[in-house]
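Here the structure is laid out as structure tokens; the discussion comes afterwards.
The values are calculated or read from the model by the stated rules, or taken from the named source; none is laboratory data. Please read all numbers here as calculations on a predicted model, not as lab measurements. With ideal geometry, Cβ positions are generated from the backbone for all residues, glycine too; neighbour counts draw on all protein chains shown.
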Amino acid sequence: MAEAYIVAARRTAGGRRNGRLAGVHPADLGAYSVNAVLADTGIDPAAVEDVIFGCVTQAGEQASHIGRHVVLASNLPQSVPAVSIDRQCGSSQQAIHFAAQAVMSGTQDVVLAGGVESMSRVPMRLAHMTGQGYDQLSPAIHQRYGVQEFSQFTGAAMIAAKWGYTREQLDRFALASHHKAIAATKAGAFKAEIVPVPVTLPDGTQTIHEVDEGIRFDATYESISAVKLLDPNGVLSAANASQITDGSSATLVVSEQALKTHNLTPLARIHSLTVTAGDPVVMLEEPLYATEKALKKAGLKLSGIDLFEVNEAFAPVPMAWLEYLKADPEKLNVNGGAIALGHPLGGSGAKLMATLIHALRARKKRWGLQTMCEGGGIANVTIIEVL
């Protein structure tokens, strides 16, 4: 089977809800990342054969085919087709998988994969609101699972209870995420991946957005532990969960022939692609089991992987992943995770890939593994080899 290579991987810095990126239309926001990977490679934009773009809330300004609108807002010619996909939080990670599969099959040679989510302009539950009065779960699903709805908050609470995590443990994990993100930002670790975005602030000031806005540079355990619990009897709070964020990301995936034809330098080779599904009620625990299957399929051991990116949707998810797999916590989310950097839903998969690739290269390491919990009890796992 042919190999698939990533030759560019970029992301915007995260914008807080109603923050610095709130004034940017999602199509334009996606175009900034697309244009950056085109500029990084110097490839003729007309050589791109397809664009696969993830987005979760495809409503409002993100409706009517956001992937195509990103193409039309970017430096790509209108002759480049696009598709918009939704695998919930793993949408742009799945976009990378689809791009890699197209290249590995020999169907295409140059595919751009990424994602976008403007959670300020298109609220997370907008698609649900437009269907008020309708039940998204059919009678058969209600009967099979005995629940009124599938809730990520309920799932995260169930994971915390199952693994016996206290609020203090979750809050200290969250604090560590901020501390790692602070250190990475101050060290310039994100410069290779972040796309500067020009923005106009509410007072009319024009500036460049290039620092993740969700990082709490003054974060302390006391400030995190003071945040109100989502459930007064629970352990989850907004401070130990991922942040609502605006952002986009993009990667360029190509074949070996395209490397030669377009004189491209590969950053990484995509070694293994896995997607699995499990319990839709607990929902967020599937990365634990998906990782096991991915490693077995790839013939690798977790100890041989140099860095892990496990999305911090809620602190219990990566904590349970570490415990179940007996993984080295020093390899996990080394530059911070979604608790500090934010989680722009459809843009997070390719965002984590950009961070993983550049973190591996900065450390002169070889193997990276990325996994993402997704709505419906699904999980993607991608294993890469940095070249």
Whichever residue in the stretch 139-168 is more than 13 Å from ASP279 (Cα to Cα) and of a type in the set (Phe, Trp, Tyr) and, among such residues, is nearest to the chain's Cα centre (by Cα): PHE153
Boolean, VAL253 is part of a loop (DSSP other than H, G, I, E, B) and either farther than 21 Å from ILE357 by Cα or in contact (Cβ under 8 Å) with a residue 40 or more places away in the chain (or both): no
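Criterion first (within 24 Å of LYS162 (Cα to Cα), buried (at least 22 other Cβ atoms within 10 Å of the Cβ) and not hydroxyl-bearing (Ser, Thr, Tyr)) does ALA241 satisfy it?
Answer is yes for this residue.
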Count of residues meeting criterion [over 21 Å from PHE53 (Cα atoms) and either under 18 Å from the mean Cα position of the chain (by Cα) or of a type in the set (Ser, Thr, Tyr) (or both)] in the stretch 235-276: 7
Number of the exception - GLU286 against (1) crowded, with 19+ Cβ neighbours inside 10 Å; (2) over 30 Å from GLN108 (Cβ atoms); (3) among the charged types (D, E, K, R): (2)
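Conditions tested, residue by residue: (1) under 18 Å from GLU193 (Cβ atoms); (2) touching a helix residue (DSSP H, G or I) at 6+ places or on another chain (Cβ under 8 Å); (3) of a type in the set (Val, Ile, Thr).
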position	(1), (2), (3)
LEU252	yes, yes, no
GLY304	no, no, no
VAL317	no, yes, yes
PRO329	no, yes, no
GLY337	yes, yes, no
GLY342	yes, no, no
Candidates GLY336, GLY347, GLY368 - the one that is part of a helix (DSSP H, G or I) and modelled with pLDDT of 95 or more: GLY347
The listed residue being buried (at least 23 other Cβ atoms within 10 Å of the Cβ), closer than 15 Å to VAL122 by Cβ and without any contact (Cβ under 8 Å) to a residue 40 or more places away in the chain, out of GLY15, GLY67, GLY54: GLY67
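Applying the selection to the stretch 193-220, what residues are part of a strand (DSSP E or B) and either of a type in the set (S, T, N, Q) or under 17 Å from the mean Cα position of the chain (by Cα) (or both)? Reasoning before the result, please.
Just the residues of the stretch 193-220 that are part of a strand (DSSP E or B), to begin with: 194-195, 197-200, 206-209.
Answer for the stretch 193-220, where residues must be part of a strand (DSSP E or B) and either of a type in the set (S, T, N, Q) or under 17 Å from the mean Cα position of the chain (by Cα) (or both): ILE194, VAL195, THR200, GLN206, THR207.
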